[in-house]
Amino acid sequence: MSDQPTPLLEVRDLRTHFPVKGGVFMRAVASCKAVDGVSFQLLPGETLGLVGESGCGKSTLGKTIARLIRPTAGQVLFEGADLAPLSRSQLKPIRRHLQMVFQDPVESLNARHTVGALVEEPLIIHNLGSAAERQQRVEELLAKVGLPRDAARRYPFEFSGGQRQRIGIARAIALNPRLVICDEPVSALDVSIQSQILNLLLDLQRDLGLSYLFIAHNLAVVKHISDRIAVMYLGRIVELADADELYANPCHPYTRALIAAIPEPDPRRARKRTVIQGDLPSPINPPPGCPFHPRCPHATDRCKTEVPSLRTVSEPGKPLHTVSCHYDL
């Protein structure tokens, strides 16, 4: 009998395609394949980092899992329930346990509402507590994310970017969720503030037992917070492994290039750089075969015609390490 815990979240062959319309009658003439066959599991209390360059579909994947976008195909199993076919009313009780922190703390907070009203709003929507109990809960949440009590009476524009992100985090944890999807929560912040927000997320995870899907384009940031890391390219996961294993033994050429792009803090230490040629292909017209082959220095004729599937490269008894590449590099 396996000791593997039951996944909190399981994504199966998820696809999110957007129609591209044109012509006189604005009919669908093509499809933008933002997410194109993604599968993974997320365990309770785990942080899965999702990385890739801009345009790879990672934010669309996060919003699809949160059902802010309806998927084209596939399954999103949250605690065993498939969220993909559910209606808005059916999703409401589930949203208590699945929340999201957005990238831009300015756009994600209504500037016309006080901070207290913003943090209290989820409690009102789900009919939790009396007015006095909600006010006390708001004060507790603001204190938990490191904001003063009088912040509840102020407006978002009166705070710095890092403080506004703390407000967004307080709102996300107001309902005691089990899973929080963090969509590049530190990319809009100064470097000096990023570590503070990351440490806050780690503290909240320890105290509240949260699970995170942490989306970012910076591998150095993701390593600091993640247990496992999935690398995404053009709507697909090309490599998935434990964080330490991924850094020590990257197998996909794209992953190697991302790791090589991390700045080296010691200027005296030389390091071989891997430069990726060309731009990210369009998801409207992706290349045949392996989606990375037009930019891969190791591509062969097989890569141009055959799509590689995720295969296991880890040894028996070691943490699972999968890669979508035809050859061992």
### Message
If Rh is defined by the Kirkwood formula over all Cα pairs and Rg also comes from Cα, what ratio Rg/Rh do you get for the chain?
### Response
0.99
### Message
Antiparallel versus total DSSP beta bridges in the chain: what percent is that, nearest 5?
### Response
60
### Query
Each residue of segment 172-183 in turn: what ³J(HN,Hα) in whole Hz from Karplus with 6.51, -1.76, 1.60 and θ = phi - 60°, glycine and Pro shown as x?
5, 9, 4, 9, 6, x, 9, 10, 10, 8, 9, 8
### Task
First obtain the Kirkwood hydrodynamic radius of segment 1-55 from its Cα pairs, then insert it into the Stokes-Einstein equation at 37 °C and 0.692 mPa s, and state the resulting D in µm² per second as a whole number.
228
### Message
About the Cα centre, and with charges only on the beta carbon of Lys, Arg (+1) and Asp, Glu (-1), how big is the dipole of segment 1-109? Nearest 20 debye, please.
### Response
640
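Rounded to the nearest 500, what is the 222 nm mean residue ellipticity of the chain from helices alone, with -39500 (n - 2.57) per DSSP H run of 4+ residues and division by all residues?
Numbers: 9 runs with 92 residues, N = 329.
Theoretical 222 nm ellipticity from helices: -8500 deg cm²/dmol.
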### Query
How far is it, in nm, from the label point at residue 130 to the one at residue 26 when both lie 7 Å from their Cα along the line to the Cβ?
5.2
### Task
Could you go through segment 311-318 in sequence order and give the Karplus-derived ³J(HN,Hα) for each residue, using 6.51 cos²θ - 1.76 cosθ + 1.60 with θ = phi - 60°, rounded to whole Hz, and x for Gly and Pro?
10, 7, 10, 7, 6, x, x, 9
### Message
Spelling out what I want: for every residue of segment 200-206, take phi, set θ = phi - 60°, compute 6.51 cos²θ - 1.76 cosθ + 1.60 (Karplus), and round to whole Hz; glycine and proline get x.
### Response
4, 4, 5, 5, 5, 4, 5
### Task
Mind giving me the FRET efficiency for residue 191 and residue 244? R0 is 35 Å, r the Cβ-Cβ distance, nearest 0.05 is fine.
0.90
### Message
Per 0.36 nm of contour for each residue apart, how much would the distance between residue 279 and residue 54 grow if the chain were fully extended, relative to their Cα-Cα spacing?
### Response
79.9 nm
### Query
What residues qualify as long-range amide H neighbours of residue 101, i.e. H under 5 Å apart, gap of 5 or more or another chain, H built at 1.01 Å from N?
181, 182, 183
### Summary
Expressed in nanometres to one decimal, the distance between label points 7 Å along Cα→Cβ at residue 139 and residue 318 is 5.4
### Query
Highest GNM mean-square fluctuation, the chain, Cα pairs closer than 10 Å: which of 50, 310, 219?
310
### Query
Do any of 33/144; 33/318; 92/318; 58/318 go past 32 Å between their Cα atoms, and which?
33/144; 33/318; 92/318
## Note on the structure
For segment 176-329, averaging the sequence separation of alpha carbon pairs under 8 Å that lie six or more residues apart and dividing by its residue count, the contact order in percent is 19
### Query
If all Cα-Cα distances of segment 1-160 are sorted into 5 Å bins from 0 onward, what percent lands in each bin, rounded to whole numbers?
2, 7, 13, 15, 15, 15, 14, 10, 6, 3, 1, 0, 0
### Summary
Between the Cα axis of helix 115-125 and the main Cα principal axis of the chain, the angle (0 to 90°, nearest 10) is 80
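Quick note: the coordinates plus some simple rules give every number you see, no bench work behind them. Owing to the predicted nature of the structure, the values given are computational and were not obtained by experimental measurement. Positions of Cβ are generated from backbone atoms using ideal geometry, with glycine treated the same way; all protein chains shown enter the neighbour counts.
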